[in-house]
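The values are calculated or read from the model by the stated rules, or taken from the named source; none is laboratory data. Computed from a prediction, not measured in an experiment: that's the story for all the values here. Don't worry about glycine lacking a Cβ; one is built from the backbone with ideal geometry, like all the others, and counts go over all protein chains shown. Areas reflect the complete protein model, heavy atoms only, side chains present, ligands, DNA and RNA absent. Shrake-Rupley method; radii C 1.70, N 1.55, O 1.52, S 1.80 Å.
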Amino acid sequence: GQEYTKDTEAEILQLLGNENIEGLTLLGGEPFEPENQEELVKLLRKVRETYPNKTVWAYTGFVYEKDLLAGQRKHTEYTDEILSYLKVLVDGPFVTEKKNICLYFRGSENQRVIDMAKTLQTGKVVLYHD
């Protein structure tokens, strides 16, 4: 609910310095809306430079193949770089009719938990298994 500023960025980077924090999760206020991607990639570059061992997860209401790949409606000049920083992408909109509280890391059965390193390596969606 707050405007993203340089102070926000500094606070995120400072908080990630805590050894008990494993990583960063991007969600809410859709991270892959084209107007959000330029600032997001700047943050992720700094996170990677400062904390190379921290993981990054992202939640999106968009569908990886239909929205985020080159040539699709939400792909920008920053999308591929953002995806390269992610350990996991949880994609797909939350659908109330498919809600399932027994699922790991997602709220509805249509959503997927994607292993981004393996997906980018193989060119096919590979689901994440912890």
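Miscellaneous remarks
- Residue tally, condition under 14 Å from Lys87 (Cα atoms), free of Cβ contacts under 8 Å to residues at least 24 places away in the same chain and open to solvent by less than 70 Å² (accessible area, probe 1.4 Å), over segment 19-70: 0
- The number of residues in segment 91-111 that are assigned to a strand (DSSP E or B) and crowded, with 18+ Cβ neighbours inside 10 Å comes to 1.
- Residue match in segment 1-18 (condition: more than 10 Å from the chain's Cα centre (by Cα), of a type outside the set (A, V, I, L, M) and under 25 Å from Tyr128 (Cα atoms)): no
- Per-region count, segment 30-44, residues closer than 15 Å to Thr8 by Cα and either touching a helix residue (DSSP H, G or I) at 6+ places or on another chain (Cβ under 8 Å) or not acidic (Asp, Glu) (or both): 6
- Candidate set: segment 112-130, residues that are touching a residue at least 24 places away in the same chain (Cβ under 8 Å) and assigned to a loop (DSSP other than H, G, I, E, B); chosen: the one farthest from Tyr51 (Cα to Cα): Val125
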